[in-house]
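Asker: Pasting a structure here, questions to come.
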Amino acid sequence: MSQKEVDQVTGVETTGHVWDGDLKELNKPLPRWWLYTFYACIVWAIGYWAVYPAWPTLTGYTKGYFGYSQRGEVAKEVAAAKADQAKYFDQIAATPLDDIEKNQELMPFVMAGGAAVFGDNCSPCHGKGAQGGPGYPNLNDDDWLWGGTPEAIQQTITHGIRSGDPEAREMQMPRFGLDGILKPNQIKDAAQYVLSLSGHATDEAAAKRGATIFADNCTPCHGEDGKGNQELGAPNLTDNIWLYGGKEADIVKTIQTGRGGVMPYWTGRLDPVTIKMLAAYVHALSGGK
Amino acid sequence: MTMIKRAADIVPETAAAAEAAPGIERIDVTAVASKQRRESYEARQKVYPKLAHGTFRKVKWGVMVITLGVYYLLPWIRWDRGPSLPDQAFLLDFANQRLFFGPIEIWAQELYYITGLLILSALGLFLVTAVAGRMWCGYTCPQTVWTDLMIVVERFWQGDRNARIRLDASPWTFEKIWKKTATHISWLAVAVATGGAFVFYFRDAPTLAGEFLNGDAPAIAYVFLGIFTATTYLLGGIAREQVCIYMCPWPRIQSAMFDKDSLLISYRGYRGEPRGPHKKGQTWEGRGDCIDCKACVAVCPMGIDIRDGVQLECIQCALCIDACNGIMDRVERPRGLIAYDTFQNLDAASHHDRAPLRLIRPRTILYSTVMAIVAAIMLWAWFNRTVLEINVLHDRQPLYVQLSHGGLRNGYTVKILNKLHQKRTFQLSTTGLEGAKLAIIGLEAKNPKIDVVTDNLRALKVLVTVPKKELDDLKGSSTPFQFVITDLADGSRTYHDATFMAPNNEPNHD
């Protein structure tokens with residue numbers, strides 16, 4: 001624009017542009033508060049570049065005066081949380097396993113920490129609330145294959161079941177059918193007898209025949225009364241709880257093919273104090289036995 | 001027909017410029033925030049309020065001392081609550097989610113008491129506004145009080161109105177620089193003290209004061225100290241009347257709050273007009289009492305002319321009443337040319353009549369009634385406040401557990417919150433669930449005593465078992481029952497609803 005044009009009504013200079021033949025815009029200065037805020041923002045931005053990581057460089061980025069990084073902040077927070085937890089873990093390590101449940105200050109930590117560790121490591125098989133499923137025991141009930149005392153639970157978690165660990169719990173149900181120990185009709189009779197132990201037999205005659213087969217083949221582990229043996233991981237057959245299902249077909253299959261579920265050992269994956277906390281947590285789910 | 005002549009027409013203009021009446025200066029002041037100027041979108045013109053003398057100024061000094069005193073001193077009052085709790089009388093303990101007001105203690109989940117208090121405050125504001133206009137704005141609003149304080153500081157360093165105007169107009173001499181610097185440093189000091197007092201409400205005041213001195217206070221304390229320093233300095237020192245005119249919503253709302261019976265600061269135009277300078281020996285007949293000295297405009301912190309009538313900008317601080325009364329005394333006319341008056345009475349008075357003051361009218365009755373109702377509800381709620389809270393969470397997974405002997409078990413987390421400042425012992429039982437057995441993890445099997453230490457929450461893992469022979473009594477898949485928490489000290493019982501879950505059908509044995 002060669003010449004300043006002044007609006008006649010207001011006496012203010014215009015920008016010189018004309019829209020739609022007659023519309024002109026007044027060339028008003030920016031509001032001062034806005035302008036100063038803008039300048040302040042520029043000053044702030046320069047300070048920000050100096051203090052915080054800001055500009056990419058060829059090999060990395062400007063680190064800022066304090067070397068701040070969000071990743072570093074997280075690491076610090078995690079370290080602080082670990083430091084806070086340390087006193088509880090020390091206390092868990094120092095408290096006998098049986099006494100942890102009675103410790104009012106420790107229990108909230110055990111229940112929260114146990115739930116977190118359980119969720120990370122155990123829930124894929126046992127379920128979020130340790131409710132179990134076919135082949136994976138429910139840890140909320142009062143029926144324990146290998147013992148429900150805190151120590152027994154700790155032992156199971158530490159070494160696992162048929163896990164390959166030298167101290168793992170090893171016993172397993174033989175393959176009576178597949179290995180030719182029992183004939184199919186004998187297996188059916190034995191299954192009827194097992195059902196009769198909890199009062200669910202459908203064929204009394206078969207159950208009677210099965211009693212002998214049971215006495216000859218099953219009592220070493222399950223006991224003469226069928227109540228099982230936690231030393232050997234042999235389940236109680238007289239109750240209402242069935243790990244692999246309590247229908248005749250399920251029991252026939254169990255006798256036919258045997259059972260030998262695996263629980264991994266957690267030594268080396270979880271530290272002993274965490275395992276101790278986990279044992280206390282699992283025991284608290286059901287009150288154990 | 002006689003035209004009422006304006007006094008300005010009677011007295012020559014030349015005389016008017018110098019004196020409004022013998023010995024009374026006609027102040028050269030413009031009402032910079034008046035309605036006419038509002039429309040011209042001008043840049044802000046600074047208001048230089050002149051110091052007023054009189055009853056209302058004294059009242060305002062008193063209100064300033066009391067409100068600022070309360071604000072600055074309140075956090076330092078101590079209140080013994082026992083060993084485990086803070087001993088600050090007024091403490092908003094956000095870290096522990098607790099508010100302390102002397103004997104009153106509010107937990108996070110009881111914040112509705114604060115809501116009630118805010119509703120009560122709002123209604124109180126409505127009532128006061130209906131009766132006497134913007135009393136809040138004029139006397140007690142922090143913006144008014146701090147602006148007043150900042151003006152005191154400004155006057156101390158730079159002198160009163162005329163001196164300040166001269167100083168602002170003068171070039172940047174050494175005198176101007178040090179006076180301005182001293183003013184701003186003093187403002188910042190006031191602002192820091194204000195922000196400092198604010199953070200003391202949120203953390204033990206003596207501790208925090210020590211931390212400030214050592215420089216190891218929590219970062220958030222510095223942040224809020226900074227925010228409140230900045231806002232006090234900017235709003236009280238710099239922005240002042242702009243806050244009330246442009247930032248505050250209340251001036252817009254107030255017009256719905258007062259009516260023709262509200263006592264508002266009013267210029268009695270029927271008495272004052274026609275206005276104009278008054279000469280010695282001149283009769284007061286046929287003219288108004290207003291000598292147009294503009295003393296009322298000069299003292300106004302909002303930069304308005306009250307003689308224009310009630311306006312949005314007026315915070316009703318009453319300083320113009322003081323200014324005008326002083327002038328009326330000097331010209332020996334009755335006081336009260338500017339006074340608290342109602343529209344009703346102003347209207348009547350202009351017809352040589354009087355309208356009585358109506359304090360009790362539907363509007364005030366309504367506000368008072370609603371306030372009484374809210375206050376009653378709050379009192380009722382306060383006296384029925386529980387000092388024991390129970391929460392029951394049913395295990396999500398599994399919903400129920402089949403036991404080896406055919407019974408069913410449900411797991412719960414029972415949380416007991418003891419709000420008393422003493423240890424309490426409880427016993428937990430159930431009612432409404434036939435034959436149910438209850439076990440609490442970590443506690444002895446028989447009638448366990450549950451100790452909950454003072455002011456604390458205890459979460460218990462509780463197992464409820466219904467034996468096989470009682471299963472038939474269950475009402476389908478979910479049976480309602482109640483947990484009973486008995487306080488062993490006084491035997492008082494608290495009930496909490498819960499549900500016992502069972503399989504949909506008769507449990508099938510698979």
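Asker: Can you tell me which residue is surrounded by the fewest Cβ atoms within 10 Å (Cβ to Cβ) among those in the stretch B:441-461 that are more than 10 Å from every other protein chain (Cβ to nearest Cβ) and more than 41 Å from the chain's Cα centre (by Cα)?
Answerer: Here the residue is B:Lys446.
Asker: Right, here's the next one. From the list A:Tyr52, A:Tyr88, exactly one residue is closer than 30 Å to A:Leu278 by Cβ and in contact with a Phe, Trp or Tyr (Cβ under 8 Å, 6 or more places away or on another chain). Which is it?
Answerer: Matching residue, one of A:Tyr52, A:Tyr88: A:Tyr88.
Asker: Let me ask something else. Going by the conditions given, is A:Ala201 over 30 Å from the mean Cα position of the chain (by Cα), within 14 Å of another protein chain (Cβ to nearest Cβ) and not in a helix (DSSP H, G or I)?
Answerer: yes
For (1) charged (D, E, K, R); (2) touching a residue at least 12 places away in the same chain (Cβ under 8 Å), each residue gets a yes or a no:
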position: B:Arg268; (1), (2): yes, yes
position: B:Gly276; (1), (2): no, yes
position: B:Glu285; (1), (2): yes, no
position: B:Lys294; (1), (2): yes, yes
position: B:Val297; (1), (2): no, yes
position: B:Gly309; (1), (2): no, yes
position: B:Arg335; (1), (2): yes, no
position: B:Asp341; (1), (2): yes, yes
position: B:Asp353; (1), (2): yes, no
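Asker: Determine whether A:Asp141 is under 23 Å from B:Ala439 (Cα atoms) and buried (at least 18 other Cβ atoms within 10 Å of the Cβ).
Answerer: Yes: the conditions hold for A:Asp141.
Residue-by-condition table, conditions (1) in contact with a Gly (Cβ under 8 Å, 6 or more places away or on another chain); (2) buried (at least 18 other Cβ atoms within 10 Å of the Cβ); (3) at the interface with another protein chain (Cβ under 10 Å from one of its Cβ atoms):
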position: A:Gln70; (1), (2), (3): no, no, no
position: A:Glu73; (1), (2), (3): no, no, no
position: A:Pro96; (1), (2), (3): no, no, no
position: A:Gln104; (1), (2), (3): yes, no, yes
position: A:Ala115; (1), (2), (3): no, no, no
position: A:Pro137; (1), (2), (3): no, yes, no
position: A:Trp146; (1), (2), (3): yes, yes, no
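Asker: Then there is this: Condition test on B:Arg307, is it assigned to a loop (DSSP other than H, G, I, E, B) and among the basic types (Lys, Arg)? First the steps, then the outcome.
Answerer: On the way: assigned to a loop (DSSP other than H, G, I, E, B): no; among the basic types (Lys, Arg): yes.
The answer is no for B:Arg307.
Asker: Mind listing just one residue for me: the one in the stretch A:232-289 that is in a helix (DSSP H, G or I) and among the acidic types (Asp, Glu) and, of those, farthest from the other protein chains (Cβ to nearest Cβ)?
Answerer: Ranking the qualifying residues of the stretch A:232-289, first place goes to A:Glu248.
Asker: Are any residues in the stretch B:129-170 surrounded by fewer than 17 Cβ atoms within 10 Å (Cβ to Cβ), hydrophobic (A, V, I, L, M, F, W, C) and under 18 Å from B:Gly62 (Cβ atoms), and if so, which ones?
Answerer: Selection gives B:Val152 alone.
Asker: Moving to a separate point now. In the stretch B:392-411, which residues are at the interface with chain A (Cβ under 7 Å from one of its Cβ atoms), touching a strand residue (DSSP E or B) at 6+ places or on another chain (Cβ under 9 Å) and not charged (D, E, K, R)?
Answerer: Residues satisfying the conditions are B:Pro398, B:Val401, B:Gln402, B:Leu403, B:Gly411.
Asker: Here is a follow-up. Checking the structure you have, find out if any residue of the stretch B:284-296 is of a type in the set (Asp, Glu), outside any strand (DSSP E or B) and more than 30 Å from B:Thr342 (Cα to Cα).
Answerer: No: zero hits.
Asker: Which one of the conditions (1) free of Cβ contacts under 8 Å to residues at least 60 places away in the same chain; (2) away from chain B (no Cβ under 14 Å); (3) surrounded by fewer than 19 Cβ atoms within 10 Å (Cβ to Cβ) does A:Gly133 fail to meet, given that it meets all the rest?
Answerer: (2)
Asker: Run A:Ile161 past the list (1) out of contact with any Asp or Glu (no Cβ under 9 Å at 6 or more places or on another chain); (2) over 16 Å from A:Ala284 (Cα atoms) and report the number of the one that doesn't hold.
Answerer: Checking A:Ile161 against (1) out of contact with any Asp or Glu (no Cβ under 9 Å at 6 or more places or on another chain); (2) over 16 Å from A:Ala284 (Cα atoms), the one that fails is (1).
Asker: Then there's this: Can you name every residue in the stretch A:8-35 that is in a strand (DSSP E or B) and modelled with pLDDT of 85 or more?
Answerer: Within the stretch A:8-35, A:Glu13, A:Thr14, A:Thr15, A:His17, A:Val18, A:Trp19, A:Leu23, A:Lys24, A:Glu25, A:Leu26 meet the criteria.
Asker: Looking only at the stretch B:171-186, which residues are surrounded by fewer than 13 Cβ atoms within 10 Å (Cβ to Cβ) and closer than 27 Å to B:Pro75 by Cβ?
Answerer: First pass over the stretch B:171-186, keeping only residues surrounded by fewer than 13 Cβ atoms within 10 Å (Cβ to Cβ): B:171-175, B:177-178, B:181, B:185.
Once the filter is applied, which keeps residues that are surrounded by fewer than 13 Cβ atoms within 10 Å (Cβ to Cβ) and closer than 27 Å to B:Pro75 by Cβ, the stretch B:171-186 yields only B:Ile185.
Asker: Sticking with this structure for a sec: Restricting attention to the stretch B:187-209, does a residue exist that is in contact with an Asp or Glu (Cβ under 9 Å, 6 or more places away or on another chain) and surrounded by fewer than 20 Cβ atoms within 10 Å (Cβ to Cβ)?
Answerer: For the stretch B:187-209, residues in contact with an Asp or Glu (Cβ under 9 Å, 6 or more places away or on another chain) and surrounded by fewer than 20 Cβ atoms within 10 Å (Cβ to Cβ): present.
Asker: Which of the residues spanning the stretch B:441-489 are under 25 Å from A:Pro150 (Cα atoms) and assigned to a strand (DSSP E or B)?
Answerer: Selection gives B:Ile450, B:Asp451, B:Arg458, B:Ala459, B:Leu460, B:Lys461, B:Val462, B:Leu463, B:Val464, B:Thr465, B:Val466.
Asker: So which strands (runs of 3 or more DSSP E) are wholly in the stretch B:394-440 and hold at least 2 residues that are of a type in the set (Lys, Arg) and either buried (at least 21 other Cβ atoms within 10 Å of the Cβ) or assigned by TED's automatic domain parsing to the domain that holds B:Val462 (or both)?
Answerer: B:408-418
Asker: With the structure loaded, tell me whether A:Ile213 is away from chain B (no Cβ under 14 Å) and in a helix (DSSP H, G or I) or whether it fails that test. Reasoning before the result, please.
Answerer: Values: away from chain B (no Cβ under 14 Å): yes; in a helix (DSSP H, G or I): yes.
Criteria met by A:Ile213.
Asker: What are the residues in the stretch B:470-486 that are away from chain A (no Cβ under 14 Å), touching a residue at least 12 places away in the same chain (Cβ under 8 Å), farther than 26 Å from B:Lys419 by Cβ and not hydroxyl-bearing (Ser, Thr, Tyr), if any?
Answerer: Restricting attention to the stretch B:470-486, the residues satisfying the condition of being away from chain A (no Cβ under 14 Å) are B:470, B:472-486.
Next, only the ones that are touching a residue at least 12 places away in the same chain (Cβ under 8 Å) stay: B:470, B:473-474, B:476-486.
After this cut, where a residue has to be farther than 26 Å from B:Lys419 by Cβ as well, the list is B:470, B:473-474, B:476-480.
Of everything in the stretch B:470-486, those that are away from chain A (no Cβ under 14 Å), touching a residue at least 12 places away in the same chain (Cβ under 8 Å), farther than 26 Å from B:Lys419 by Cβ and not hydroxyl-bearing (Ser, Thr, Tyr) turn out to be B:Glu470, B:Asp473, B:Leu474, B:Gly476, B:Pro480.
Asker: Using the structure shown, decide if B:Ala489 is away from every other protein chain (no Cβ under 14 Å), in contact (Cβ under 8 Å) with a residue 60 or more places away in the chain, crowded, with 20+ Cβ neighbours inside 10 Å and not acidic (Asp, Glu).
Answerer: Answer is no for this residue.
Asker: Every residue in the stretch B:204-236 that is without any contact (Cβ under 8 Å) to a residue 12 or more places away in the chain and of a type in the set (Phe, Trp, Tyr), please.
Answerer: Once the filter is applied, which keeps residues that are without any contact (Cβ under 8 Å) to a residue 12 or more places away in the chain and of a type in the set (Phe, Trp, Tyr), the stretch B:204-236 yields only B:Tyr222.
The values are calculated or read from the model by the stated rules, or taken from the named source; none is laboratory data. The shown structure was predicted, so the numbers you read here are calculated from the model rather than taken from an experiment. As a convention, Cβ positions derive from the backbone with ideal geometry for all residues, glycine included, and neighbour counts pool all protein chains shown.
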